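Since the structure comes first, as structure tokens, the remarks are kept for the end.
What follows is calculated from the coordinates using simple rules that are stated; it is not laboratory data. Predicted model, so just to flag it, every value in this text is computed and none were measured. No Cβ is skipped: glycine too gets one built from the backbone with ideal geometry, and neighbour counts run over all protein chains shown.
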Amino acid sequence: MKNIFYQIFHSQKFVAGFSILMIILLILFIYPLIFPGDPLQMIGLSSFSKPGIYVSVYDAIDSEPSTMKLPDADVKRLMKKLSNEDRLAMKEWLVATGTPEDVIDILDTDGLLKLWKDSYDPSLKPEGMTLAKRNYYKRLNASLEKAFDYSRIIIATKDEETGELNEEKTVSSNDYININDVANVVYLPLGTDNFGADVAKKLVSAAKTSIMIGLIAGSIATFIGLTFGLLAGYVGGIVDDFIMFITNLFTVIPGFILLILISYGIDQDKRGAAVVALVIGVTSWTWTARSVRSQVLSLRNRDHVNLSKLSGHGLARIILTDILPYIASYVVMALILQISTAILAEAQLSMLGLGPKTTERPTLGLMMNWAMLYSAHTHGYWWAYFPVLLFIALISFSLNLMNTGLDQVFNPTLRD
């Protein structure tokens, strides 16, 4: 046994896959300890807030500022105001009003703004430019003028008796607040989704659920396939014929189609994570049964098995002590593949709207389904779906890499 573990953990592919999986599991365990809370809680009233650190503006107003003069602060403000689309639009106006295109560099913020201030005239009507486009330029120019002219902002309160505004506080462009002094700060490394929920928390919870579904479904499929394969291969005769008839029946019907039909027949309120795992498990055991059967057929007439028969040992003892240990490594590899297959099957089901019910806990497939329904991929909200795809890919890749490493260890023909 010690030698087997030595060989396994000296397989580069197994160690690489195992390391990736352990890192993922550590993240799933540690992240909720650092950032506790309900992953389904809707903290945002707007959909798809960008990743970042969010500070309460209300609390920041009452915080004591420090005066700082940071280099290029004004340029950075302007750069933040000017999107790439705005810069291209400014270039379009400048070219349309006679500025040579070769002197316009949209990446040079200072030069672009200088050209704009010198050339922009709201009364001009470039040929072919629509009224809506000219109004867009007026709004853009007004926004830039505010950025140039406002060095401070006055916060005022309205007098209820006179209706006059009374100055309460002045915020300078050189005022900075320490984030630790603000009462309410929200860390959203992956932003929020269409429901306003923290994507990072939901992703961690979803990955846990999907892995749990994979473990349950993979264990069920491996147990059923192993049991049928052992009985069919060792007993033979009518038992083998009956089991192979059932196996062929399941094989003829595409597994995923059968999975869809069964899931569709279960009411959504009853489709919890365990139920989905059970459905996946009972529809994906066939290839394991056929493979185990072929392994047992090559073992049942070995000398040690015949000796056990002559000694009067029962069926259960022969299978468990004389056959199963010889195919144990194959069973472990089959289990790993079944877990990976089950995780992908859950994702596929949920993408079709046939996954676990949405009111209990998220899964990786459900997150993809929500992102697709709310068109996150078409609006550029990458944080709602890309991390999910990455997690699914990494989990599946790590399990398959582990399986390949084990195959190289236990299959001499594959060794270098």
What residue among Thr321, Leu249, Ser291 has its Cα farthest toward the positive end of the dipole of region 248-334, where the charges are +1 on Lys, Arg and -1 on Asp, Glu, each on the Cβ? Thr321
For region 192-209 and region 110-134, what is the separation of their Cα centres, given in Å? 44
Normalised Cα Rg of the chain, dividing by 2.2 N^0.38 Å with N its residue count, works out at 1.48
Quick one: which residues, 5 or more positions from Asp198 or on another chain, have an amide H under 5 Å from its amide H? H modelled 1.01 Å from N in the peptide plane, none for Pro or chain starts. Ile43
Regarding region 65-152, what is the average projected area of its C-alpha convex hull, in nm²? 6.6
Descending packing, highest mean Cβ count within 10 Å first, for 260-271, 12-23 is 12-23, 260-271
Cα centroid distance between region 225-289 and region 344-358, in Å? 19
So for region 104-246, Kirkwood radius off the Cα pairs, Stokes-Einstein at 20 °C and 1.002 mPa s: how many µm² s⁻¹? 88
What residue among Leu115, Trp93, Thr67 has its Cα farthest toward the positive end of the dipole of region 65-152, where the charges are +1 on Lys, Arg and -1 on Asp, Glu, each on the Cβ? Thr67
Within the set of other residues whose C-beta is less than 13 Å from the C-beta of Tyr385, count the net charge using Lys and Arg as +1 and Asp and Glu as -1. 0
Which whole-Hz couplings ³J(HN,Hα) result when phi for each residue of region 279-290 is put into the Karplus expression 6.51 cos²θ - 1.76 cosθ + 1.60, θ = phi - 60°, listed in order with x for Gly and Pro? 4, 5, x, 7, 10, 10, 9, 4, 5, 5, 4, 5
Placing +1 on each Lys and Arg Cβ and -1 on each Asp and Glu Cβ in the chain, then taking the dipole about the Cα centre, the residue among Asn369, Gly272, Met402 whose Cα reaches farthest towards the positive end is Met402
Mean separation of Cα contacts under 8 Å, 6 or more apart, over the residue count of region 65-152: relative contact order %: 29
In what order do Tyr234, Tyr6 fall by count of nearby beta-carbon atoms within 10 Å, going from fewest to most? Tyr6, Tyr234
The chain: calculated mean residue ellipticity at 222 nm from DSSP helix runs of at least 4, using -39500 (n - 2.57): -19000 deg cm²/dmol
Using only Cα atoms and rounding to the nearest 10 degrees, what angle (0 to 90) does helix 237-252 make with the longest principal axis of the chain? 20
Sorted from fewest to most neighbouring beta carbons within 10 Å, what does the list Lys138, Lys208 look like? Lys138, Lys208
Cβ-placed point charges (K, R +1; D, E -1), dipole of region 65-152 about Cα centre in debye, nearest 20: 540
Of Lys69/Lys117; Lys80/Lys114; Lys201/Lys270; Lys69/Lys133; Lys202/Lys357; Lys50/Lys208, which pairs sit farther than 27 Å apart, going by alpha carbon to alpha carbon? Lys69/Lys133
Beta bridges by DSSP in the chain, antiparallel share as percent, to the nearest 5: 100
Quick one: net charge around Gly37, please, counting Lys, Arg +1 and Asp, Glu -1 for every other residue with C-beta under 12 Å from its C-beta. 0
In what order do Ser210, Ser340, Ser396 fall by count of nearby beta-carbon atoms within 10 Å, going from fewest to most? Ser396, Ser340, Ser210
Between rounded, prolate and oblate, where does region 197-311 land on the alpha carbon gyration tensor, with a ≥ b ≥ c its root eigenvalues, rounded for a/c under 1.5, else prolate if a/b exceeds b/c? prolate
Treat every Asp and Glu Cβ in region 197-292 as -1 and every Lys and Arg Cβ as +1, leave all other atoms uncharged, and give the resulting dipole magnitude about the Cα centre to the nearest 20 debye. 360
Let me know the charge dipole size of the chain about its Cα centre in debye, to the nearest 20, where only the beta-carbon of Lys, Arg (+1) and Asp, Glu (-1) is charged. 1980
What does the charge add up to near Val292, with Lys and Arg as +1, Asp and Glu as -1, over the other residues with Cβ less than 14 Å from its Cβ? +2
